[in-house]
Amino acid sequence: MKSRTLVFKSGDKDFEAGLSRAADIIREGGTVAFPTETVYGLGADALKADAVHKIFKAKGRPADNPLIVHIANADQCSELAEAISADAIKLMETFWPGPLTLILKAKDIVPDVTTGGLNTVGLRMPDNPVALELIRRSDTPIAAPSANTSGSPSPTTADHVFHDLDGKIDAILDGGATDIGLESTVVDMTSDIPTVLRPGQITAEDIRKCVGDVRIGYADRTLEEDEIARSPGMKYTHYSPKTKVILIEGQIKDVHKAMTEIVYDCHKEGERVGIFVTDETAKVVNADETYSLGKRNMPSQAARSIFMGLRHLDDKEIDLIIVDGTLEKEGIGAAVFNRLRKAADRIINV
C-alpha cells in the first residue's frame, strides 16, 4: 500500500523540523508542495531532471508545459539565465519578492524538462516566508507549478493539495490560505519590448509605469495543439472543475435575466444548479447553491475566492455552475476573467 503524503503544519511545534525535512526531500530529488502568496506550488529541484519529472507524473501534466523556477535571491538569476536586460533588473528590483515571473534566456544548466523544451526559463522570487525558507534550506532553485491535478482549479489551501495529490507527492508544507489566490503575472523579457503572457495581480499598467512600452501577448483562450506555450497557463485545459461551467457576460440586468432563465430551465429538467456570483447578484438570482465572488467593484476579493469557489461548488453534487460575469474587469479583474474564461465550458455574451 502506498504511503500517505507527509504534512507539516505552520504553527505546530514541530514545523521547524518539518521545514528542514522538506528541504532534505528536495535535495534528495523528491517533491514538496508549499505555499506562496499566489497559490500552492509543487516543488522539486529545478536542476535535477529526474526530480522534475516527478512533478509532471504527480500532476498528470503535459511535458511541453514549462515550469516556473522559484529562487530566494536575485543573485540566482545569473546562475540560471543569460542576457538579463536592464529592464528585467528594474522589474526585479521593483516587484521581487512578489507575484511576477520573468521569462529569460536559459543557461544550459537548466534541464529541458524544466523549460518545456524551450530555450527560455521563467524565474520568480515568491513573497512568502515559508517558500523562501524552503528554497534557502534546499540550497537549490525549485521548479514549481501549481500543486493540483493538471487542468483542475489551482490550490489555495493545503487541503486542496492533499485532496488532489495525497500519496502522489512526498510532503506538504501547510502555511494556511494564500493571500492573492491567482497565479503570478508572467512577462517575457527576451525581446526589446516586454510582453505579458499571463495576467496577474501585477498589471500591464504596473509594468508600463516601471519600464515603458508593454505588449499583451495572451488571449483568453487555450492554445491549439501545434502552438508553443512560452508560459504556464497558455495551453491545455486549466482551472476547470468536473462540473460543467457557464460564464455569462454582458450588462448587469441582461446577465441577471439570463442566469435566472438558465436556473429555471435546469430545474424543469430536475437538475441542481450552483451560482458563483457577486454579492450584488446574489440578492437578485437564486439557485440551489451559491458562492460569493465578493463585491462587484472589488475584483481582488474574487481573485482570492475564484479557485476556492469552483472547488466548493464542484463538491456540492450539482449539474451546472453558472458564473456571474458582471465583475469589474479592471486591474486584477482582467486576470480573474482570464481564469474564468479558461475554466468555462461555455461563455455566453448577453
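The values are calculated or read from the model by the stated rules, or taken from the named source; none is laboratory data. These figures come from a predicted structure and were not determined experimentally. Cβ placement follows ideal geometry from the backbone for every residue including glycine, while neighbour counts extend to all protein chains displayed.
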Q: Go through the range 320-341 and give me each residue that's surrounded by fewer than 20 Cβ atoms within 10 Å (Cβ to Cβ) and touching a Phe, Trp or Tyr at 6+ places or on another chain (Cβ under 9 Å).
A: Lys329
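Among the candidates Pro145, Pro129, Pro153, Pro111, which residue alone is touching a residue at least 60 places away in the same chain (Cβ under 8 Å), out of contact with any Asp or Glu (no Cβ under 7 Å at 6 or more places or on another chain) and either surrounded by fewer than 21 Cβ atoms within 10 Å (Cβ to Cβ) or not assigned by TED's automatic domain parsing to the domain that holds Ala204 (or both)? If you could, list the steps in order and put the result at the bottom.
Values: Pro145 fails: either surrounded by fewer than 21 Cβ atoms within 10 Å (Cβ to Cβ) or not assigned by TED's automatic domain parsing to the domain that holds Ala204 (or both); Pro129 fails: touching a residue at least 60 places away in the same chain (Cβ under 8 Å); Pro153 fails: either surrounded by fewer than 21 Cβ atoms within 10 Å (Cβ to Cβ) or not assigned by TED's automatic domain parsing to the domain that holds Ala204 (or both).
Selected residue: Pro111, the only one of Pro145, Pro129, Pro153, Pro111 that is touching a residue at least 60 places away in the same chain (Cβ under 8 Å), out of contact with any Asp or Glu (no Cβ under 7 Å at 6 or more places or on another chain) and either surrounded by fewer than 21 Cβ atoms within 10 Å (Cβ to Cβ) or not assigned by TED's automatic domain parsing to the domain that holds Ala204 (or both).
In the range 55-64, how many are part of a helix (DSSP H, G or I) and either among the hydrophobic types (A, V, I, L, M, F, W, C) or surrounded by fewer than 19 Cβ atoms within 10 Å (Cβ to Cβ) (or both)?
4
Matching residues to (1) of a type in the set (Ser, Thr, Tyr); (2) closer than 21 Å to Pro155 by Cβ:
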residue	(1), (2)
Leu6	no, yes
Ala17	no, no
Ile26	no, yes
Thr36	yes, yes
Ala63	no, no
Ile68	no, yes
Ile71	no, no
(Q) Which numbered condition in (1) in contact (Cβ under 8 Å) with a residue 24 or more places away in the chain; (2) part of a strand (DSSP E or B) is the only one that His256 fails? (A) (2)
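How many of the residues making up the range 309-319 are buried (at least 19 other Cβ atoms within 10 Å of the Cβ) and within 21 Å of Thr157 (Cα to Cα)?
4
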Q.
Go through the range 178-209 and report how many residues are in a loop (DSSP other than H, G, I, E, B), hydrophobic (A, V, I, L, M, F, W, C) and without any contact (Cβ under 8 Å) to a residue 60 or more places away in the chain.
A. 1
Q: Specify which of the listed residues (Asp75, Asp87) is in contact with a helix residue (DSSP H, G or I) (Cβ under 9 Å, 6 or more places away or on another chain) and in a helix (DSSP H, G or I).
A: Asp87
